[in-house]
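Only one structure is covered here, and it is reproduced in the block below.
The values are calculated or read from the model by the stated rules, or taken from the named source; none is laboratory data. All values derive from a computational prediction rather than experimental measurement. With ideal geometry, Cβ positions are generated from the backbone for all residues, glycine too; neighbour counts draw on all protein chains shown. Just the protein is used for accessible areas: all its heavy atoms, side chains included, with ligands, DNA and RNA removed. Shrake-Rupley method; radii C 1.70, N 1.55, O 1.52, S 1.80 Å.
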Amino acid sequence: MRPLHGVQGPWLVTVEVGGRREGVVLRAVTPRVDAGMVATGAAALAVAEEFGVPAPRLLGVDLDVPATVERVIGSTTWPDRPDIARVHAALDRVHVPLEARPGLPVRTRPIAVDDFARDRRVGAMRTTRLLRLADDVVRGMEVPQGPTVFLHGDVWPGNVAWAGGECVLIDWKTAGVGNPGVDFGELRKQMAITYGLRATGGSAYWDLVAALNTPTVLDWAQATERRDVFVRDALGRMGVAV
């Protein structure tokens, strides 16, 4: 058994059944993950199996603990050149029509357990002129209308596994339902930060929502610079002078 995030869970557990060794992922409460997030992950994997969504299959769940066990699937090591088309195709399969249900609430931003835009507004985190402008623009707009679909909620390279050439989404603890732009905006933001790729197409509104739900200063300087380039590009597509 070994933790997958430093000294915290989730944990990769190797089990032996009938002489055959297999890896499973055990998810439980940690300082970063509360009981509600474990329940959301379980609800999401049940929906994923019901609709054939590319995701791990749930082997067991006990919400009294709370904990879940799921199959290990694929590798999260990304290629030097990301195959964005395959990630888009996987998200298209994720985005089945779905209404809110227990464990899967409506999400209006990715990684909805965080709200860094609000933190900046109330003075809990410092801000910048660019992020303040982007927040003002988003708050002054109507939320784009669209179908209510199943959402992963946290599409970044660490949550995209590759199994035999197929793209599989893992770690569903912030899943829910809502506009597909929530996932696609987060994917475009992550590609901008990780690879320095410029957004092509897509909704500038959802790009800004994703970018605003990041700390003002990211873990490494180039990531912050790339996020800000992404914000300026989205504002430019809206016709907003920066």
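Some notes on this structure:
- Local charge for residue 72 was computed over the other residues whose Cβ lies under 14 Å away, with Lys and Arg +1 and Asp and Glu -1, and equals +3.
- Built amide H within the under 5 Å cut-off of residue 67, gap 5+: 62
- Residue 221/residue 108 FRET efficiency (R0 30 Å; Cβ-Cβ; nearest 0.05): 0.50
- Cα centroid separation - segment 37-111 against segment 188-236, whole Å: 23
- For segment 80-135, trypsin sites (Lys or Arg not before Pro) meeting the loop criterion (DSSP other than H, G, I, E, B) and having at most 13 other Cβ atoms within 10 Å: 126.
- The chain: most fluctuating residue of 221, 55, 43 per GNM, C-alpha cutoff 10 Å: 221
- Taking amide H atoms as placed 1.01 Å from N in the peptide plane, the amide H of residue 96 lies under 5 Å from those of 150, each 5 or more residues away in sequence or on another chain.
- Virtual spin-label span in nm between residue 21 and residue 77, 7 Å along Cα→Cβ: 1.8
- Per-residue HN-Hα couplings for segment 140-150 [Karplus 6.51, -1.76, 1.60; θ = phi - 60°; Hz; x = Gly/Pro]: x, 10, 6, 5, x, 7, x, x, 8, 10, 5
- Translational diffusion coefficient of segment 53-112 (Stokes-Einstein, Kirkwood radius from Cα pairs, 20 °C, 1.002 mPa s): 146 µm²/s.
- Sulfur and carbon atoms: percent of accessible area, segment 106-169 [1.4 Å]: 51
- In this simple spin-label model, placing a label point 7 Å from the Cα along the Cα-to-Cβ direction at both residue 124 and residue 93 gives a separation of 3.7 nm.
- Mean projection area, nm², convex hull over Cα of the chain: 14.1
- Summed side-chain charge close to residue 120 - residues other than residue 120 whose Cβ falls under 15 Å, Lys, Arg +1, Asp, Glu -1: +2
- For residue 193, net neighbour charge (Lys/Arg +1, Asp/Glu -1) across residues whose Cβ lies under 9 Å away: +3
- In this label model, residue 51 and residue 2 are separated by 3.5 nm, measuring between points 7 Å along each Cα→Cβ vector.
- A protection proxy built from the mean count of other Cβ atoms within 10 Å ranks the segments 60-66, 152-158, most packed first, as 152-158, 60-66.
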